[in-house]
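First comes the structure, then the notes that go with it.
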Amino acid sequence: MGIRDLLVEIATTYDAKAPEKTSKGVPAQDLLRKAGQELAPLLPGAFQAEGNGGSGGPALTPWIGVYDPDITDDPKDGLYLAYIFSADLETVTLTLQQGVTRIEKQLGRGKKRRDFLKARAGRLQAALPQGLVEGWDAPLLLKSKADRVRAYEAGSVAARCYSISAMPSENSLRDDLWRMADVLQEAAAMEPQLIEEEGPDGLQVGYVPAPHGQATGLDLFRPKNASDYLAHIPERTITKKRTHESLVKAFGPYVLERGFVPVTEKVHPRDLVLRQNGVEWLVEAKTIKRGNPTTAVREAVGQLLEYRYFWYELQGQAKPHLLALFTEDIHVYAEYLEQHGIAAVWRTLDGWAGSASAVSWGLVD
C-alpha cells in the first residue's frame with residue numbers, strides 16, 4: 001500500500017465518534033497500527049513511521065508520525081514529521097512538528113503553550129535557508145478547538161495540506177515526504193541554537209551560540225605506525241547514529257536475497273562485509289544529511305581506502321571490492337566514486353539503486 005492509498009483509506013474509514021475503543025478489530029485503528037509497516041519501504045534513509053489513533057478512545061485528529069531516529073522517535077519532544085488528519089477528515093496535512101508534551105510541565109496547557117510553540121516555530125522558520133520551505137508555509141488547520149489539537153497547529157514549522165477528495169499522485173506524495181525529510185534535518189541542525197529561558201511572561205525562546213573547540217571524533221586518535229593503528233582503532237569509541245545502523249540493517253536482508261552473505265560480527269571498525277563465492281566486498285555506510293552528499297562521499301572514500309590498506313593489504317589478504325552505501329541518491333558523485341574504483345548503492349523511493357559496478361556485481365538492477 002502506498003502513501004496515497006493509506007491516507008485515503010484511513011480518512012474514509014475513521015470515525016472519531018465511534019463507540020468502539022482503539023482495540024483490535026476496528027478497521028481504521030488497525031490500519032493506523034500497521035502504518036509503520038506499510039510506509040517502511042517508502043521512507044527516506046532509515047526513517048521510521050508510527051500511526052496514532054488515540055489510546056482508550058479514538059483521537060479527534062488521527063495522525064502518523066514520521067521520525068528520523070537520530071533526531072527523535074518520541075513525539076512528546078523534539079522535531080518530527082507527521083501526517084495529521086483534520087477533525088472532519090476532509091484533509092490531511094504533512095507538517096514539520098514540534099513535540100508539544102515536554103513543555104506542558106512548565107507552561108501548562110492553553111494559550112501560554114501555544115504562544116511559546118508558535119514563537120519557536122517562527123524562529124526555526126527564520127533560521128532555515130531561504131527558499132527551502134517555499135510553498136510549505138500553509139497554516140496547519142485541524143478544525144478542532146481541543147487544546148492538544150490547537151497546540152499541534154501552533155507547533156507546525158512547515159506544512160502542506162492535501163484534500164482527501166483530490167489527493168495528489170503517489171509520486172508527488174513521495175517527493176513531498178522526501179523533501180520534508182531534508183527540511184526536518186535542516187531544522188534539527190538549527191535547533192541547538194535556540195534556548196529556552198524564563199522571562200517576565202514565562203518561558204521564552206532565544207538564541208545561544210553553537211559550541212566550539214571541543215575535542216571530538218578522531219582528534220585524539222594519532223597512530224604512529226601500522227601496528228599502532230591495528231592495536232588502537234578497535235579500542236576507540238565510534239559513535240554510530242541510529243540512522244546509520246538502520247541503513248546497514250535494511251541493506252543486509254536485501255543483499256542476502258541477491259546471493260551475498262552480509263557479515264557485521266567481528267569486522268569492526270568496518271561497517272559491513274559482503275561475501276560471495278570467495279570474493280569479499282568492503283562496505284562503508286554513510287548517512288546523507290540535509291540533502292548534501294559531499295561530506296558523506298568524502299568520508300566514505302577516505303575510510304574505504306584506509307580500511308583496505310590496513311586490514312587487507314598490510315595483512316597480505318586479497319584486496320576486496322569497495323562499496324559505499326548511502327541513505328539517498330548521491331547524483332554526480334556516483335561516477336566520481338566509480339573513477340576511484342568504488343561502487344555506490346543508495347536507497348530510493350522504490351528500493352535500491354546504484355552505480356555501474358554495483359549493477360554489474362548484481363547488487364542492484
Item to check | For residue 34: the one exception among (1) in contact with a helix residue (DSSP H, G or I) (Cβ under 6 Å, 6 or more places away or on another chain); (2) modelled with pLDDT of 90 or more; (3) open to solvent by 20 Å² or more (accessible area, probe 1.4 Å) | outcome: (1)
Item to check | Counted residues, the stretch 160-197 - those being modelled with pLDDT of 90 or more and among the basic types (Lys, Arg) | outcome: 2
Checklist outcome for this item: Scanning the stretch 348-365 residue by residue, the ones that are touching a residue at least 12 places away in the same chain (Cβ under 8 Å), surrounded by fewer than 18 Cβ atoms within 10 Å (Cβ to Cβ) and in a helix (DSSP H, G or I) total 1
Item to check | Whichever residue in the stretch 294-304 is in contact with a strand residue (DSSP E or B) (Cβ under 9 Å, 6 or more places away or on another chain) and in contact (Cβ under 8 Å) with a residue 12 or more places away in the chain and, among such residues, is nearest to residue 324 (Cα to Cα) | outcome: 300
Item to check | Positions within the stretch 264-293 being farther than 12 Å from residue 322 by Cα and of a type in the set (A, V, I, L, M), in sequence order | outcome: 267, 288
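So if I check each of 297, 345, 273, which one is part of a helix (DSSP H, G or I) and among the hydrophobic types (A, V, I, L, M, F, W, C)? Let's see the steps before the verdict.
Values: 345 fails: part of a helix (DSSP H, G or I); 273 fails: part of a helix (DSSP H, G or I).
Within the list 297, 345, 273, the selection yields 297.
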Checklist outcome for this item: For the stretch 306-316, the count of residues that are loosely packed, with under 12 Cβ neighbours inside 10 Å and touching a residue at least 24 places away in the same chain (Cβ under 8 Å) equals 0
Item to check | Hits in the stretch 101-139 - residues which are under 17 Å from residue 181 (Cα atoms) and among the charged types (D, E, K, R) | outcome: 134, 137
Next on the checklist: Just to be sure I understand, how many residues within the stretch 85-97 are within 14 Å of residue 3 (Cβ to Cβ) and not hydroxyl-bearing (Ser, Thr, Tyr)?
Outcome noted: 3
Checklist entry - Quick one: would you say residue 138 is among the small types (Gly, Ala, Ser) and open to solvent by 30 Å² or more (accessible area, probe 1.4 Å)? => result yes
Item to check | Checklist (1) modelled with pLDDT of 90 or more; (2) in a loop (DSSP other than H, G, I, E, B) applied to residue 73, failing item | outcome: (1)
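Give 101, 93 a once-over and let me know the one that is over 15 Å from the mean Cα position of the chain (by Cα), assigned to a loop (DSSP other than H, G, I, E, B) and among the β-branched types (Val, Ile, Thr). Talk me through it step by step, then tell me what you get.
Working: 93 fails: assigned to a loop (DSSP other than H, G, I, E, B).
None of the other options fit; the residue is 101.
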Checklist entry - Any idea how many residues of the stretch 266-294 are within 25 Å of the chain's Cα centre (by Cα) and acidic (Asp, Glu)? => result 2
Checklist entry - Within the stretch 321-333, can one find any residue that is charged (D, E, K, R), part of a loop (DSSP other than H, G, I, E, B) and touching a strand residue (DSSP E or B) at 6+ places or on another chain (Cβ under 8 Å)? => result yes
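One line per residue, one yes/no per condition, for (1) open to solvent by less than 70 Å² (accessible area, probe 1.4 Å); (2) in contact with a Phe, Trp or Tyr (Cβ under 6 Å, 6 or more places away or on another chain); (3) not polar (S, T, N, Q):
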| site | (1), (2), (3) |
| --- | --- |
| 257 | no, no, yes |
| 274 | yes, yes, yes |
| 285 | yes, no, yes |
| 295 | no, no, no |
| 304 | yes, no, yes |
| 318 | no, no, yes |
| 326 | yes, yes, yes |
| 337 | yes, no, yes |
Item to check | Of the criteria (1) at negative phi; (2) in contact (Cβ under 8 Å) with a residue 24 or more places away in the chain, which one residue 110 fails | outcome: (1)
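The values are calculated or read from the model by the stated rules, or taken from the named source; none is laboratory data. Treat the numbers as computed from the prediction; the structure is a model and nothing was measured. Positions of Cβ are generated from backbone atoms using ideal geometry, with glycine treated the same way; all protein chains shown enter the neighbour counts. Please note that ligands, DNA and RNA were not included when accessible areas were found on the heavy atoms of the full protein model with its side chains. Shrake-Rupley method; radii C 1.70, N 1.55, O 1.52, S 1.80 Å.
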